[in-house]
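Peer 1: After the structure tokens below, expect a handful of questions from me.
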Amino acid sequence: KIIQKECRQQKSKLTILPKIKNIEIIKNFNPQKPWTQFVYKQKKYILNVLGDHQIRNAIPVIEAAQILGLPIKQIQTGIKKTRFPICTEIISKNPLVILDGAHNPDKVQTTIDSIKSLKFPGNLLLVVGFSADKDIGTMCRQLGSLNPTAIFTTRSTSNPFRKGADPVYLAKILSKTCP
């Protein structure tokens, strides 16, 4: 309602997308070069990032680009070339190393879903650090569903305005939630 009111005041067009249905999804689960292809409004798009949630992020971009009058081929190329640093980003293929800056339970769950979709064999090692003001208990419980072989904790943060959670505190919670 706030956005609708502001659009009326600014005399701006507001487009509200309906619930997205019937999207065909084709995945390449190869961790060496993962991608997701999806069909939206009879057009194929390829995302070079992991996670079905990225499709939900791409569709409003597609719609906005179409409103701006960009040709479909340019939109498809732009979607394919898009990179999301530290969003389930594969930085090494051998050994497989994935970075993710998930910072709340919803984002941690999308990261978990993406990692599980790879179905890679072998040991899973996690390096975990959270800001002290986050829902640490929930996120640690969620990470347990990955059945990691080992978890390393850190307090490093690139944000000088956030205090990192104490790694000893994280280790204590993780030892209970990730046997």
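Peer 1: With a 1.4 Å probe and every protein chain kept in, tell me what percent of the accessible surface of the chain is carbon plus sulfur.
Peer 2: Whole-percent figure for carbon plus sulfur exposure: 55.
Peer 1: For the chain, what proportion of DSSP beta bridges, expressed in % and rounded to the nearest 5, is antiparallel?
Peer 2: Taking every DSSP beta bridge with both residues in the chain, the antiparallel ones total about 80 percent.
Peer 1: Next question, about the same structure. Return one whole number: the accessible area per residue of region 1-99 in Å², for a 1.4 Å probe.
Peer 2: For region 1-99, the per-residue accessible area is 72 Å².
Peer 1: Using a Gaussian network model on the chain with a 10 Å cutoff between Cα atoms, which of Pro95, Pro167, Pro60 fluctuates the most?
Peer 2: Pro95
Peer 1: Size of the dipole of region 31-118 about the Cα centre, Lys and Arg at +1 and Asp and Glu at -1 on the beta carbon, nothing else charged, in debye to 20?
Peer 2: Around 440 debye, computed over region 31-118.
Peer 1: With a 10 Å cut-off between alpha carbons and a GNM built on the chain, which of Gln37, Gln66, Gln54 moves the most?
Peer 2: Judging by the Gaussian network model, the answer is Gln66.
Peer 1: In addition: Under the classification rounded if a/c is under 1.5, otherwise prolate if a/b is larger than b/c and oblate if not, where does the chain fall, given a ≥ b ≥ c as square roots of the Cα gyration tensor eigenvalues?
Peer 2: Oblate is the answer for the chain, as a/c is 1.5 or above yet b/c matches or exceeds a/b.
Peer 1: Please list, in chain and number order, the residues 5+ apart from Ser131 or on another chain whose amide H is under 5 Å from its amide H, with Hs placed from the backbone.
Peer 2: Here Ala165 satisfy the definition.
Peer 1: Hey, another quick one. Sorted by accessible area (1.4 Å probe), largest first, how do Tyr40, Tyr45, Tyr169 line up?
Peer 2: Solvent-accessible surface, decreasing: Tyr169, Tyr40, Tyr45.
Peer 1: To continue, here is another question. Among the listed pairs Lys11/Lys44; Lys93/Lys134; Lys107/Lys172; Lys73/Lys107; Lys11/Lys80, give every one whose C-alpha distance is greater than 24 Å. Numbers along the way, then the final one.
Peer 2: Numbers: Lys11/Lys44 34 Å; Lys93/Lys134 30 Å; Lys107/Lys172 22 Å; Lys73/Lys107 30 Å; Lys11/Lys80 33 Å.
Pairs exceeding 24 Å: Lys11/Lys44; Lys93/Lys134; Lys73/Lys107; Lys11/Lys80.
Peer 1: Right, next: State whether region 82-126 is rounded, prolate or oblate according to the following rule on the C-alpha gyration tensor (a ≥ b ≥ c being the square roots of its eigenvalues): a/c under 1.5 gives rounded; otherwise a/b larger than b/c gives prolate, and the remaining case gives oblate.
Peer 2: Oblate.
Peer 1: Continuing with this model, one more query. Using the Cα gyration tensor of region 87-179, with a ≥ b ≥ c the square roots of its eigenvalues, what is the shape: rounded (a/c below 1.5), prolate (a/b larger than b/c) or oblate (neither)?
Peer 2: Prolate, since a/c reaches 1.5 and a/b exceeds b/c.
Peer 1: State the answer as a single residue: which of Phe161, Asn123, Ile151 lies farthest towards the positive end of the charge dipole of region 58-179, with beta carbon charges of +1 for Lys and Arg and -1 for Asp and Glu, about the Cα centre.
Peer 2: Of the listed residues, the answer is Asn123.
Peer 1: Running a GNM on the chain with Cα contacts under 10 Å, which residue among Leu146, Leu14, Leu47 ends up with the highest mean-square fluctuation?
Peer 2: Checking each option, the largest mean-square fluctuation is seen for Leu14.
Peer 1: Using just the helices of the chain, give the 222 nm mean residue ellipticity in deg cm²/dmol: DSSP H runs with n ≥ 4 each add -39,500 (n - 2.57), and the total is spread over all residues, rounded to 500.
Peer 2: Mean residue ellipticity, 222 nm, calculated: -11500 deg cm²/dmol.
Peer 1: If the cut-off is 13 Å between C-alpha atoms, which aspartates and glutamates fall inside it for Lys27, apart from same-chain ones fewer than 8 positions away?
Peer 2: Asp52
The values are calculated or read from the model by the stated rules, or taken from the named source; none is laboratory data. Keep in mind that this is a model prediction, so the values were computed, not measured. So basically every Cβ, Gly included, is an ideal-geometry build from the backbone, and we count neighbours across all protein chains shown. Remember, those area values only see protein heavy atoms, side chains included, never the ligands or the DNA or RNA. Shrake-Rupley method; radii C 1.70, N 1.55, O 1.52, S 1.80 Å.
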